[in-house]
């Protein structure tokens, strides 16, 4: 069954007058396709034939009642959003329906505006569930790249390059800003190479003191220096037959650059204190977040070593250049950390996802991962909202007066900055109070009418925050 771009609603009730009334009014108010069924049997047939976003069903019907319809429809489609209608005397039944998977219920007779609002929320819930399923499917399609997730053109180019070079032994230089996933790319190259059954040894060059790094890489013989009380096999020999990953290669000293060049040229190493050399069969992958060509011009990096490392270069794009991947990454990290921290599956509110999309992510994917993991660990509800995040620890270093106002007149710049302030402030305020204008006004110190006036001026609606305007 394919899902239509126009939302589709199925109404189930044994009262024909009610079906006609609801079909006419809800199709106009909700701008959706509405189909009706006079009983649960017909409803189940329609659910098998077509995809519906939401089902609105009466609980009390002859034959198969609404409760059985709920159970059978949720068995076939666990993601289906079902809203139950009930008479006032059947509220207990409605509560049972919620426990069995119904999204919500409404008591008859109901106010039409209240029903419309409830159905809007149900349709929004259906949309979010459907998008979540799409995200999960797209994430599964990317699992072959060792936790690397994305569908943007930039990251697809990275994936394609990895496919092409993994089965070779060429030396690879990974470039890109910190946090873009260079270490995962290195692991992916190894995983899909013919060396995958052999060691993968990662060396964080800046974290090892310069006077120790050489002995760590190449090893040493007993007595080579003070405290060398035994032979030590270096990391190159540890990686024999596999891959060695030299992270942040731009930070190594000129002396070590010369010795590393010898390894690349001769495929052999000489431990400290050793007169003979050892042949090594190791694939080298290096990474850097620095401009090595600039360092060459400044005399800080050997040009011949650069060209030996740069046989194949892969640029990992920053997250700000691949915003279409943010939702995929958020869902990926939610799934991972809910499982790791043994938390119920959580979702991200539309307001928070919008904030994620506009954030600059100076720390790239690593920063986003840290934010999501903290949310999973610390947020109290299943839906994570903007107020659940300590934005002070996730700074977006752009100030309020940013590059967007450069070139504008004072009046134009002021208007732009004020509009941005009002939208961000009011959206966050309403989200904290679940769209309740009365409580939001009290919280921010404005009269309710004054707050509504500002909201109208900037086109901000309470219902966008998933609640009613009281």
Sole exception among (1) under 32 Å from the mean Cα position of the chain (by Cα); (2) surrounded by fewer than 17 Cβ atoms within 10 Å (Cβ to Cβ); (3) within 27 Å of residue 277 (Cα to Cα) for residue 211, by number = (1)
request  = Kindly check whether there is at least one residue in the stretch 369-390 that is modelled with pLDDT under 85, surrounded by fewer than 20 Cβ atoms within 10 Å (Cβ to Cβ), more than 16 Å from the chain's Cα centre (by Cα) and over 24 Å from residue 336 (Cα atoms).
outcome  = no
key: residue 46 being outside any loop (DSSP other than H, G, I, E, B), buried (at least 18 other Cβ atoms within 10 Å of the Cβ) and assigned by TED's automatic domain parsing to the domain that holds residue 130   = no
request  = Select from the stretch 301-334 the residues that are at pLDDT below 90 and either more than 16 Å from residue 152 (Cα to Cα) or not in a helix (DSSP H, G or I) (or both) and list them in ascending order.
outcome  = none
message = Looking at the stretch 82-113 only, could you name the residues that are part of a helix (DSSP H, G or I) and in contact (Cβ under 8 Å) with a residue 40 or more places away in the chain?
response = 112
task = Answer yes or no as to whether residue 364 is at pLDDT 90 or above and on the phi > 0 side of the Ramachandran plot.
result = yes
Only one of 79, 29 that is touching a residue at least 24 places away in the same chain (Cβ under 8 Å) and in a loop (DSSP other than H, G, I, E, B) = 79
inquiry  = Can you confirm whether residue 56 is touching a residue at least 12 places away in the same chain (Cβ under 8 Å), part of a helix (DSSP H, G or I) and farther than 19 Å from residue 133 by Cβ?
reply    = no
request  = Quickly run through the stretch 263-279 and pick out the residues that are surrounded by 13 or more Cβ atoms within 10 Å (Cβ to Cβ) and more than 19 Å from residue 245 (Cβ to Cβ).
outcome  = 268, 270, 271, 272, 273, 274, 277, 278
query = What number of residues within the stretch 349-366 are assigned to a loop (DSSP other than H, G, I, E, B) and more than 23 Å from residue 382 (Cα to Cα)?
reply = 4
ask   = In the stretch 234-243, which residue that is outside any helix (DSSP H, G or I) and touching a helix residue (DSSP H, G or I) at 6+ places or on another chain (Cβ under 6 Å) is nearest to residue 185 (Cα to Cα)?
value = 243
query = How many residues does the stretch 221-241 hold that are over 15 Å from residue 203 (Cα atoms) and either exposed (fewer than 15 other Cβ atoms within 10 Å of the Cβ) or modelled with pLDDT under 70 (or both)?
reply = 11
remark   = Going through (1) in contact with a helix residue (DSSP H, G or I) (Cβ under 8 Å, 6 or more places away or on another chain); (2) at pLDDT below 95; (3) under 19 Å from residue 116 (Cβ atoms) one by one, residue 48 fails only at (3)
key: Unique match (being under 20 Å from residue 78 (Cβ atoms), assigned by TED's automatic domain parsing to the domain that holds residue 111, touching a residue at least 24 places away in the same chain (Cβ under 8 Å) and buried (at least 17 other Cβ atoms within 10 Å of the Cβ)) among 34, 12   = 12
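The values are calculated or read from the model by the stated rules, or taken from the named source; none is laboratory data. The structure presented is a predicted model; accordingly, all values stated were derived computationally and were not measured. For neighbour counting, all protein chains shown are included, and Cβ atoms are generated from backbone atoms with ideal geometry for every residue, glycine included.
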